[in-house]
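The values are calculated or read from the model by the stated rules, or taken from the named source; none is laboratory data. Note that the coordinates shown come from a computational prediction; the quantities given were computed from them, not determined experimentally. Please note: Cβ atoms are built from the backbone with ideal geometry, for glycine as well, and neighbour counts cover all protein chains shown.
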Amino acid sequence: MSLEKSKNYLHQGLETHHEDMVHDAQLDYYGLKLATCSSDRTIKIFDLDGEDRREVETLKGHEGPVWRVDWAHPKFGVILASCSYDGKVFIWKDHGSGSWKKIKEHSLHTASVNSVAWGPHELGPILACASSDGKVSVLSFKDDGSWDATVLDAHTIGANSVSWAPATIPGALVQVTGGAPNVNVSKRFASCGCDNLVKIWAYGEDGWKEEEVLEGHTDWVRDVSWAPNFGLPQNYLASCSQDKTVIVWKKNSPTSPWVKILLKPEKFLDVVWSVSWSTSGTILAVASGDNKVTLWQENLKGEWEKVQELDD
Amino acid sequence: MSLFSEDDTKVMQFTPFTFEPPPIDYSQFEGVSSFPSSTQFYEESANAETFLKEDVFDKGKGRQAEAYEPNIKAQKQIIYLNPPLVYDLDYWSNSNQSTGVKFHPTRSEDFTCYVFGKEPNEKVKKEDYTLDTRVYNCSLANNIDSRRFYNETFSIFREASRATSSKEWREKSSRVKLLCDISWSYVNAIVKHINSLQERELNTFRDMMSIWELCRIMYFIKSERYQRLSTDLVTWLNECYPLGALTEEELNELRESPNLRNTVVFWSRLYKLILRGLFPQAINFLRSILIPVESDKFINREIVINDIIQSVIKCIKARPKISSHDTDLAWRNWLSQCSQLQKSIILENKFLEESFVKILKILAGDPDAILSKSSSWLEGLIALIYHKYPRCASSDIKAILGPIFVRFSVYPDATSQVLKRIFYQRIDDALGYCKYIDPWLLSHLMDLLYKVDLDEKIGEKSFRERCLINFAEPLLTHSTLWQIGFKYLEHCEIYGKVYIEEFIGKIPFDNERKFEKILKICEDNGLIFDEKCITTTMGTKYMQIKRYGSTMIYYMRAGKDENLKTICNMFLTQYVETGKITFEEVIDSIPVDKDSNESVNFLSRYRLYHSLIQDEFFHQAAQVLVECLRSEISPKEFWGVLLFHTVPLMKLGRRKDIKLFEKIHIDEFEHYCTQVLDRKIEDSWIKLVQRMKRWHYKECGYFNISEDLKPVKIEIERYKKFLSKLKR
C-alpha cells in the first residue's frame, strides 16, 4: 500500500459562530443535520448538504450553558432535546420550513442537567436525562400528546451521562419484524456519575429498576456509551473517567456477568472525557483531555488495540 | 448548486484542518529488499534508487521469509487532533477545554471532533481557554470515486454467485473454465479502471491486479495436466512488474560505448531479458553485437565471437515449448546442447567469455547464475521456476523458496507480503494482508476463493461475510452506490439481514422514487417492521410540511392508526371551530375503501355527506348520515354534531313530505342522544358545542344548538308525528 493512500483523514471544519465554548455537536439520524450547543446558551442547527453547510436556526431559551443535544428518530418528526446548566431539558420541534418551537420543558431536576439521550426508536419517543442532582429521569411521550416522567435516584453527587442499549436483544439475528416492537426488545440504559459507578437500568413490570452496578473506576465517570449490536451475542459498554482510564464492559450473553476490560493497561495522559462507538460497533473513539483522539478495535484475542494502517 | 449566494454569511465554508501524524521512523525496517516494492517498480527512475539500495543492503543479508514479519505494530499511531492553535499537554490539562469525539450516525469511518468546555463559563475565567468554536468532520475512509468500477465488478460478483448453482459448475473441467472466466472478468475490470485513474489510486489497482492474477494462476487453474505454470508466471511477472526502460544514464553509456560487447550495461540488460524469458528481445540484443566481417579473410576473433553469438541465438530459439508432448526428451537434449556450447566457449576476452557462459547457465537453469543476476526475490523466484523447474506445479513452489529467501529479503509492504504468502500457499495469511491494500480486493478475492473450495484453508464462512460487509458498508451511505451495497449484503447469509435491517432505515430519502427503492429492499428481505418505520418517517416528513393527503397515505401504509386519528380529529376540530370543510381536497386524494383506517373512512363519509347536501341529494345525504352513526366510526364526541345534522333534514322531510328517515332511524337517533349525553364524554362535548355555537347560529344563521341536544330531541318528536301522519 502506498504511503499516500493511507493518509485519508479528510477533515472539514465548520465554524459554528457560537459566542462561547461549544459543549456538544450531534448529527441527526441521517447525518444531514448538525446541532451544536454552547456556553452562550444557544443551540445552532446546520443543514449539511454535500459541501454546503448552512446555519438554519439558533434556538434560544436556556438560561445557562447548554451541555448536550440529541436528535430523535425522524419518524417522530424533526425533534431535538437539549439540556442545560439551568437544570432544564427542552424538547424542540421543527414544524416545517425551519419553524422551530419548544414543545416541552422538563424541569423536574434541581441542578444542572448534564446529558440527554433519546432511546432506540423501537421503544417510541423516550428520553433519558442525567443531572447533577444525582438523579436520572426518563421521559416517555404518550399517544395522547402528554409526557410521562420517571425520576430515579442514580448517582450521589451527580449523574454525568446516559446511553441507551440497542433495542434488539444481543444475539437475536433477526430483529424486530412484523410490526411487533414489543417482542424481543430490550429497554435498558446505562448511566454514570460522580460516585465512580456505571449503572444499568432496565424496564420491567414494576417500571424502571437498577439492574446492575459496575464498579471499576476510581474517580468520576465522565461518559458512558453503549455499543450498537449487529446480531452478535456480546454486549459492549464503554466508560471513561477522571481517573484517566477507559473501561470496556463486555457481556458475552444476556445471562452472563459484565466483564471489565481496561482499554489499555497504562493510564491515558489526562482525563478521558468522551467515548463513542462507530455505527457498526466495531471501533471505539476516545477523546482525552490532552487533545488526543484515538481509535480502538478489539482483536481476535479480545484485546483492544489502536486502529492501524499498515504504513501510517 | 447551492441555493445561497457566496456572500451569504450563513453559508459555512470548509476550513483547513490538520492531523499531524508523528514522523515515520524508517529505521524500524530491518531490511529493505533489493527488489523495489511493486509500485516503485513501475517507475523507471526508481531503478537507480533500487540499485543504490542493493549496495547498501548486501544480498544475502535477507532473512528466511517465514522468520521475517513486518513490524506492523510499530507503525500504529495515534491520530492527533491538532487545531491550528498552539496547544501543549499542560495547556490542555489545565485549561477549561478538552477534545470531544462522536462517530457519524451512518458511516463507520467518519467522526466529528470538537473542542468543548469542561465547565460552564460561569465557573471559569475567560483566560482559561482559547475559544475554538469549530466542529471538524474527519474521515478515515477513501472517497468512493470508482463508481463505474464498483458497478461493473458487482455484476461479475453476481454472475459468480449464480455460477455456483449452474450445471457447468458441477463438472470439474468446465468449473475451472468458469472460474478462470470470472477471474478474467475481474482482471479486465481492474485493467479498464486503471486506464482511467490518477497516479495515487493507480498503484493500488496495479497491486490488486498483480495479486488477483497470481491467485488465478496458483489457485483457480488446478488441472493435473496444467503444465503452463512456469510460462504463466513469467508472463505475469512481465505484465505486472515489467522490466523498466533503460535510464538516461544507461542509454548514454550504451550510446557512448565504442564496443557494446564489452559494456556492462549491455550485458546486465541482456541477463534480465533472458531471466524473464523475453527471448525475442534478447535475440535482437545479441544480434546487435554481431560485427560484419568479410568471408574471404582468414578467421579472426570477431568471426569466432559472431559464431558464438549465432550459436547462443540458435540455442535460445531451440528452447523446447513446455507444453509439447515430448517435453522431457526434448528438454534433456536441449540442456545437453547448452552444456556443450558452454564448454566450447573459450575466448581471449574473459569478460566476454564469462558473459556468454552466464547466459547459457541461466538458460540451463543454474540457480547461482539466475539468482546472482536477479534484482529481487520475485524476479529470482520466477526465473528459477522458468529456467530450472519449467514443469513444476503450484504446490512445488514453496520448496523452491528456501534459497530465494537466503539471498533476498522481502519489503514489508502489504503487496509483497501477500505475494510471498501466495507462493507459500498460505492463502489465509495472504488474505490477512489484503485488508491493508483495499477492501474490494479482500472481499472479492475471498469470495472467489471460497468457490474454489479453499474455505478450509481460509477459515470459517463468516470470515467471507465479514469481509464483504466491511466492503459494502461504506457503499450503503454513498449517494449512488447504496443499492449495490445492499445487494452485497443480500449475499451474506448469516449477518447480511441484520446489517440490512440496521442500515436501511438510515438511508436518507428526499424523493418518492428513492423511497420506493428503499421499501423494495425491505420487501425483498422481509423487513416488515422497518418498512413500516420508513413509511412512517415519510408520512411525518409530509406532515411537517402540512401535506396531509400524502401524510395520510403513508400513515395508512404504515398502519399508524393513532397518527391518522390525530389528523382526522384535527380536521373535525377545524370544522367545529369554523364550520368549514377544509379536508375536501385531502380526502379526495386518498384512495379509501371499506378496509381503510376507521378515522379516514369516517372522514371520507363525512366529506361525502357535505357534498351531497351541497348538491341537494338529501335522500342520499340522510343515508350517509345514518351509516356514519350506525357504524360508530366517528369519534364519540362528534356523534352530537352528526345528530345536529339530522335536524335540517328532518325539517326538510316534514316540509316537503319526503320520508328521508325511517322510524328505525329515529329510534337510533334517540339512542345516540342518550349516548352523547353520557357523563363520560360530557366535558369534551360541552366544549365542542361551545366552539360550534360561535358560528352555527350567529354567523351562519342555522338553528341554535345546545349541549342538551334539545333541538334534536324536539325535531325527533315532530318527525315521529310526521311519520305517523304519513302512515295513516
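Among the residues of the range A:149-183, those that are under 22 Å from B:L564 (Cα atoms) and either loosely packed, with under 13 Cβ neighbours inside 10 Å or at pLDDT 90 or above (or both) comprise A:G178, A:A180, A:N182. When the range A:98-111 is limited to residues that are without any contact (Cβ under 8 Å) to a residue 24 or more places away in the chain and among the charged types (D, E, K, R), the one that is farthest from the other protein chains (Cβ to nearest Cβ) turns out to be A:E105.
For every residue, the table says whether it meets (1) touching a Leu at 6+ places or on another chain (Cβ under 7 Å); (2) closer than 22 Å to B:T235 by Cα.
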site: B:Q342; (1), (2): yes, no
site: B:I346; (1), (2): no, no
site: B:K358; (1), (2): no, no
site: B:A369; (1), (2): no, yes
site: B:I400; (1), (2): yes, yes
site: B:F423; (1), (2): yes, yes
site: B:D429; (1), (2): no, no
site: B:D438; (1), (2): no, no
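Collect the residues in the range B:464-520 that are within 24 Å of B:S146 (Cα to Cα), assigned to a helix (DSSP H, G or I) and of a type in the set (A, V, I, L, M), keeping them in residue-number order. B:L468, B:I469, B:A472, B:L475, B:L476, B:I484, B:L489, B:I500, B:I504, B:I518, listed by residue number. Selection within the range A:244-258: residues that are of a type in the set (V, I, T), farther than 10 Å from A:L214 by Cβ and surrounded by 12 or more Cβ atoms within 10 Å (Cβ to Cβ). The member of this set that is farthest from the chain's Cα centre (by Cα) is A:T245. Considering only residues that are part of a helix (DSSP H, G or I) and exposed (fewer than 13 other Cβ atoms within 10 Å of the Cβ), which ones fall in the range B:312-332? Within the range B:312-332, B:K314, B:K317, B:D328, B:L329, B:R332 meet the criteria.
Taking helices (runs of 4 or more DSSP H) as the structural unit, those lying wholly within the range B:44-163 and holding at least 3 residues that are within 14 Å of chain A (Cβ to nearest Cβ), surrounded by 12 or more Cβ atoms within 10 Å (Cβ to Cβ) and at pLDDT below 75 correspond to B:89-94. Being over 18 Å from B:F618 (Cβ atoms), assigned to a helix (DSSP H, G or I) and hydroxyl-bearing (S, T, Y) is a property that B:T674 has.
When B:F405 is tested against (1) under 27 Å from B:T164 (Cα atoms); (2) surrounded by 20 or more Cβ atoms within 10 Å (Cβ to Cβ), just one condition goes unmet, and that condition is (1). In this entry, B:N601 is excluded by the filter for residues that are of a type in the set (S, T, N, Q), touching a helix residue (DSSP H, G or I) at 6+ places or on another chain (Cβ under 9 Å) and within 14 Å of chain A (Cβ to nearest Cβ).
Taken as a whole, the condition of being of a type outside the set (A, V, I, L, M, F, W, C) and buried (at least 23 other Cβ atoms within 10 Å of the Cβ) applies to A:S288. Among residues of the range B:537-551 that are crowded, with 22+ Cβ neighbours inside 10 Å, those with a beta-carbon under 6 Å from a residue that is not in a helix (DSSP H, G or I) at least six positions away or on a different chain give the pairs B:T540/A:G77. Which of the following residues is under 27 Å from B:E256 (Cα atoms) and at pLDDT 90 or above: B:S355, B:S311? Going through B:S355, B:S311 in turn, just one is under 27 Å from B:E256 (Cα atoms) and at pLDDT 90 or above: B:S355. Residues in the range A:42-65 that are modelled with pLDDT under 95 and closer than 14 Å to A:H23 by Cβ were compared, and the one that is nearest to the other protein chains (Cβ to nearest Cβ) is A:P65. Which of the residues belonging to the range A:69-97 are among the small types (G, A, S), outside any strand (DSSP E or B) and more than 8 Å from every other protein chain (Cβ to nearest Cβ)? Answer for the range A:69-97, where residues must be among the small types (G, A, S), outside any strand (DSSP E or B) and more than 8 Å from every other protein chain (Cβ to nearest Cβ): A:A72, A:G87. Among the numbered conditions (1) free of Cβ contacts under 8 Å to residues at least 24 places away in the same chain; (2) within 14 Å of chain B (Cβ to nearest Cβ), the only one that A:N252 does not meet is (2).
Of all the listed residues (B:L441, B:L445, B:L489), the sole one being modelled with pLDDT of 90 or more, under 21 Å from B:E213 (Cα atoms) and within 12 Å of chain A (Cβ to nearest Cβ) is B:L441.
What do you reckon, is A:P233 facing chain B (nearest Cβ under 9 Å) and under 17 Å from A:A165 (Cα atoms)? Answer is no for this residue. Looking across the range B:527-536 at every residue that is within 7 Å of another protein chain (Cβ to nearest Cβ) and touching a residue at least 24 places away in the same chain (Cβ under 8 Å), the one that is farthest from B:F509 (Cα to Cα) is identified as B:L527.
Return the pairs, sorted by first residue and then second, in which the second residue is part of a loop (DSSP other than H, G, I, E, B), the first residue lies in the range B:505-517 and is farther than 14 Å from B:T540 by Cα, the beta carbons are less than 6 Å apart, and the residues are 6+ apart or on different chains. Close Cβ pairs (under 6 Å, with a partner that is part of a loop (DSSP other than H, G, I, E, B)) amount to B:K506/B:T106. The helices (runs of 4 or more DSSP H) falling completely within the range B:564-640 that include 1 or more residues that are crowded, with 20+ Cβ neighbours inside 10 Å and more than 52 Å from the chain's Cα centre (by Cα) map to B:598-614, B:618-631. From A:N229, A:N291, A:N252, grab the single residue that is out of contact with any Phe, Trp or Tyr (no Cβ under 6 Å at 6 or more places or on another chain) and farther than 27 Å from A:C129 by Cβ. Answer to the check: A:N252. Checking each residue in the range B:363-378 for being surrounded by fewer than 24 Cβ atoms within 10 Å (Cβ to Cβ) and either in contact with a strand residue (DSSP E or B) (Cβ under 8 Å, 6 or more places away or on another chain) or not hydroxyl-bearing (S, T, Y) (or both) picks out B:A364, B:G365, B:D366, B:P367, B:D368, B:A369, B:L371, B:K373.
Residues in the range B:270-284 that are under 18 Å from B:Y386 (Cβ atoms) and either not assigned by TED's automatic domain parsing to the domain that holds B:I313 or not in a loop (DSSP other than H, G, I, E, B) (or both): B:L270, B:Y271, B:K272, B:L273, B:I274, B:L275, B:F279, B:P280, B:Q281, B:A282, B:I283.
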